[in-house]
1. Starting from segment 117-145, keep only residues that are under 21 Å from Asp68 (Cα atoms), then list their pairs with residues that are open to solvent by 40 Å² or more (accessible area, probe 1.4 Å) and of a type in the set (Phe, Trp, Tyr) whose Cβ atoms are within a distance under 9 Å, requiring at least 6 positions of separation or different chains.
2. Hey, among the residues in segment 117-133 that are more than 17 Å from Val192 (Cβ to Cβ) and out of contact with any Pro (no Cβ under 7 Å at 6 or more places or on another chain), which one's surrounded by the most Cβ atoms within 10 Å (Cβ to Cβ)?
3. Would you point out the residue of segment 40-81, among those that are of a type in the set (Phe, Trp, Tyr) and within 12 Å of the chain's Cα centre (by Cα), that is nearest to Ile190 (Cα to Cα)?
4. When you scan segment 135-146, do you find a residue that is closer than 20 Å to Ala30 by Cβ and either in contact with a Phe, Trp or Tyr (Cβ under 9 Å, 6 or more places away or on another chain) or not aromatic (Phe, Trp, Tyr) (or both), even just one?
5. Hey, can you tell me all the residues within segment 67-98 that are open to solvent by 60 Å² or more (accessible area, probe 1.4 Å) and at pLDDT 95 or above?
6. Based on what the data block shows, is Gly50 surrounded by 13 or more Cβ atoms within 10 Å (Cβ to Cβ), modelled with pLDDT of 95 or more and either closer than 22 Å to Glu128 by Cα or of a type in the set (Gly, Ala, Ser) (or both)?
7. For Leu142, indicate whether it is closer than 24 Å to Pro37 by Cβ and out of contact with any His (no Cβ under 6 Å at 6 or more places or on another chain).
Amino acid sequence: MPALFGLFRPSTAGLPCAALLLGLSWPALAADYAIDPAHTYAGFEIDHLGFSTQRGQFNRSSGSIRFDPESRSGSIDITIDASSLDTGFAMRDEVLRGEDWFNTQAFPNLLFRSQRFIFEQERPVAVEGTLAMLGQIRPMRLDISRFKCGLNLANRKYGCGADASGVLRRSEFGLNNGLPFIGDEVRLRIQVEAYQP
């Protein structure tokens, strides 16, 4: 990985030299971004018997983002590898990947597709779309708590990143095991970084 404050050429991808040297952000133009799988994870939280909140994440994801701040529009297309589920306990993970839960053999991916961005002034605050899981497609809203576009000094690429979260009911996707002892409501948290090629 390049040194954090490595030397820059006079221009990279047409970006001003001063901005490169200072690592400044500037208004993003309409552009396409590829999701960085090393910095993008979908995590989840669920109530367990009223005793605790259990957490896990999916370790592999891919996809693309198009963002146009001038028209306040864009699109998000994220594919989450269901078999990469990780709760920190291998025996439980195998059960959750099985036919009675995520059934990853038959349904290898979870898919999020955006339909519209919601802005407050210049900043996107939410994205509405659909989540496909276990052969079911349901509306999904992700509220954005952190958002930034700018130059990443480490990889010398222009990109955007966000923290987003939303709530779903697993029973709406046919995932009824353990109800009501294991919660129906699941909080989905996504951290994402995406960069121009």
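The values are calculated or read from the model by the stated rules, or taken from the named source; none is laboratory data. Quick caveat, the model's predicted, so the values are computed rather than measured. Methodologically, a virtual Cβ is constructed for each residue, glycine included, from the backbone with ideal geometry; neighbour enumeration extends over all protein chains shown. All accessible areas refer to the heavy atoms of the entire protein, side chains included, with ligands and DNA or RNA removed. Shrake-Rupley method; radii C 1.70, N 1.55, O 1.52, S 1.80 Å.
1. Short answer, once both residue conditions are applied: Arg123/Phe147; Pro124/Phe147; Val125/Phe147.
2. Met133
3. Filtering first and then ranking leaves Tyr41.
4. Yes: segment 135-146 contains one or more residues that are closer than 20 Å to Ala30 by Cβ and either in contact with a Phe, Trp or Tyr (Cβ under 9 Å, 6 or more places away or on another chain) or not aromatic (Phe, Trp, Tyr) (or both).
5. Of everything in segment 67-98, those that are open to solvent by 60 Å² or more (accessible area, probe 1.4 Å) and at pLDDT 95 or above turn out to be Gly88, Phe89, Ala90, Met91, Arg92, Glu94, Val95.
6. In short, no.
7. Against the criterion (closer than 24 Å to Pro37 by Cβ and out of contact with any His (no Cβ under 6 Å at 6 or more places or on another chain)), Leu142 qualifies.
So that you can scan it fast, the table gives a plain yes or no per residue for (1) farther than 29 Å from Asn177 by Cβ; (2) of a type outside the set (A, V, I, L, M):
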site	(1), (2)
Gly63	no, yes
Pro69	yes, yes
Gly74	yes, yes
Asp86	no, yes
Glu94	no, yes
Glu99	no, yes
Gln115	yes, yes
Ala126	yes, no
